[in-house]
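These notes are about the structure you will find just below.
The values are calculated or read from the model by the stated rules, or taken from the named source; none is laboratory data. Not measured: the values here are computed from a predicted model. Glycine also receives a Cβ, built like all others from the backbone with ideal geometry; neighbour counts cover every protein chain displayed. Quick note on the areas: whole protein, heavy atoms, side chains included, nothing else; ligands and nucleic acids left out. Shrake-Rupley method; radii C 1.70, N 1.55, O 1.52, S 1.80 Å.
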Amino acid sequence: MYPRIVIKTTKFEHNLRYLQELFSENELSLMAVTKVFCADKRLVQILINNNVDFIADSRIKNLKSMETDVPKVLLRLPMISEVREVVKYADISLNSELRTIDALNGAAFEERKTHGIILMIDLGDLREGIFDISEAKKIVNEVINMEHLHIIGIGTNLTCYGGIIPSREVLQKLVDLKDELEEIYMSEIDIVSGGNSSSLKLLLDNKLPSGISNLRIGEALVLGRETAYGKKVKNLHDDIFTLEVEVIELKEKPSLPIGEVGMDAFGKIPVIEDKGIMKRAILAIGKQDVDYKELIPLQNIEFLGSSSDHLIIDVSKEPSIKVGSILKFKLTYASLLSLMTSQYVERKYE
Ligand SMILES: *Cc1c(COP(=O)(O)O)cnc(C)c1O
């Protein structure tokens with residue numbers, strides 16, 4: 001059945017093992033992030049079989065689907081409305097709000113569990129995290145008295161909203177803060193989680209400050225890229241996932257629509273360039289599944305536009321394409337995310 005994503009599981013496992021080796025050489029633990037592939041069961045099983053240190057996801061629903069002894073980490077700050085599920089299905093969560101932390105403590109009591117928290121510190125990217133260090137100290141002081149929680153680590157997230165690149169100086173601040181907070185906590189804080197795939201570049205250049213003990217890696221694992229500069233990482237595969245889509249119509253038509261111009265299917269007034277008669281194909285996939293601007297064609301075709309379930313392309317330069325042909329595309333982070341989320345896209349494992 002099409003459309004489908006072909007997943008090369010041996011390449012995924014190669015990327016995982018390469019990262020595991022790199023991390024253990026550098027005394028780092030690896031949190032493998034599963035959200036971009038919606039915690040696909042087969043891929044999660046590969047993580048488990050290879051004894052990955054932690055499995056991390058933003059959604060409780062994804063963590064709930066995993067049965068494993070590998071510690072599970074909730075990446076997105078918990079909603080207060082979901083704290084019972086958080087302590088039930090995650091061993092650790094990332095946090096920045098005292099109210100939420102307090103609610104987690106209550107939930108952990110009710111579930112008879114001890115829940116680990118990683119305090120998120122905002123080092124300037126301005127997505128999540130405690131910005132004011134005095135607030136971090138205050139929270140640590142409060143958690144001392146919360147019987148069902150322990151601070152297992154501190155962490156930061158960069159290159160997500162503000163595009164801030166993790167530098168040695170920025171991450172050193174996190175390492176220094178750990179010592180300060182440990183003094184207040186009067187106990188060791190194990191993990192210093194120095195970011196996501198954008199911190200991989202520092203690691204590869206041997207510039208990660210000592211004291212950083214963990215990274216949370218999604219994109220590099222699945223797409224073989226560090227994300228500070230968007231470069232492919234040598235020795236990692238960038239072609240684990242391929243989208244395959246079928247041609248359902250192929251005709252010569254003008255490039256310019258005929259008649260009075262109103263709105264398109266999404267209420268926008270289309271502006272279309274006249275390129276004369278062209279060979280146009282319709283593919284059976286649409287906006288409901290993916291934004292075509294995030295697809296990387298493996299044939300010489302050009303995108304013309306899409307609606308909910310149709311993608312129109314110019315195939316004038318690919319005479320071998322017929323009705324029923326299967327076209328292939330490489331994926332970006334955004335297209336992989338939305339395609340794995342669409343229930344209309346099948347998966348084939350190789
Ligand atoms: C998604 C996410 C990650 C993983 O990011 P990648 O760029 O895919 O490696 C790490 N940490 C947090 C908090 C996240 O939300």
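Each Lys or Arg adds one and each Asp or Glu takes one away; over the other residues whose Cβ falls under 13 Å from the Cβ of T332, this sums to -1. Taking a Cβ cut-off of under 15 Å around K253, the surrounding Lys, Arg, Asp and Glu residues balance to a net charge of -2, with basic ones at +1 and acidic ones at -1. Applied to the stretch 150-164, the Karplus parametrisation 6.51 cos²θ - 1.76 cosθ + 1.60 on θ = phi - 60° returns per-residue 3J(HN,Hα) values of 9, 7, 8, x, 10, x, 9, 10, 10, 6, 10, 9, x, x, 6 Hz, with x for Gly and Pro. Each residue of the stretch 321-327 was assigned a 3J(HN,Hα) from its phi angle through the Karplus curve 6.51 cos²θ - 1.76 cosθ + 1.60 (θ = phi - 60°); the sequence is 6, 10, 4, x, 5, 10, 9 Hz, with glycine and proline shown as x. A cut-off of 5 Å between modelled amide H atoms, ignoring neighbours fewer than 5 places along the same chain, links L30 with D53, F54. According to the Cα-based calculation, Rg over Rh for the stretch 233-293 is 1.11, with Rh computed by the Kirkwood formula. When Rg and the Kirkwood Rh are both derived from Cα coordinates, the Rg/Rh ratio for the stretch 178-296 amounts to 1.25.
Legend: residue pairs K253/K317; K178/K207; K35/K268; K64/K137; K207/K232, Cα-Cα distance threshold 21 Å; pairs beyond threshold, K35/K268; K64/K137. Taking the DSSP beta bridges with both ends in the stretch 119-259, the antiparallel portion is around 10 percent. Derived scalar couplings between HN and Hα for the stretch 63-73 equal 5, 4, 6, 9, 9, 6, 8, 4, x, 9, 10 Hz in order, rounded to whole Hz, by the Karplus curve 6.51 cos²θ - 1.76 cosθ + 1.60 (θ = phi - 60°), x for Gly and Pro.
Under a 5 Å amide H cut-off, with hydrogens placed 1.01 Å from N, Y349 pairs with I7 among residues at least 5 apart or on other chains.
Normalised by the residues of the stretch 60-185, what does the relative contact order come to in percent, with Cα pairs under 8 Å and at least six apart?
20
Of the residues T10, T159, the one with the largest accessible area comes first in the ranking T10, T159, computed with a 1.4 Å probe on protein heavy atoms. With q set to 0.09 Å⁻¹, the log10 of I(q)/I(0) for the chain, from the Debye formula over equal scatterers at the Cα positions, is -0.58. Please report Rg over Rh for the stretch 108-217, where both radii come from the alpha carbon positions and Rh follows the Kirkwood definition. Taking Rh as the inverse mean 1/r over Cα pairs, Rg/Rh reads 0.99.
Ellipticity at 222 nm from helices only: DSSP H runs of n ≥ 4 in the chain, each -39500 (n - 2.57), divided by the residue count, give -8500 deg cm²/dmol.
Normalised by residue number, the volume inside the convex hull of the Cα atoms of the stretch 304-343 is 111 Å³ per residue.
Considering only DSSP beta bridges whose two residues both sit in the chain, what percent are antiparallel, to the nearest 5? Intermediate results must be reported in sequence, preceding the final value.
On the way: 28 of 60 bridges.
Percentage antiparallel, nearest 5: 45.
Summing charges over all other residues whose Cβ lies under 13 Å from the Cβ of I184, with Lys and Arg as +1 and Asp and Glu as -1, gives -4. Size estimate for the stretch 19-125 follows the Kirkwood approach: the inverse of mean 1/r over distinct Cα pairs works out to 14.4 Å.
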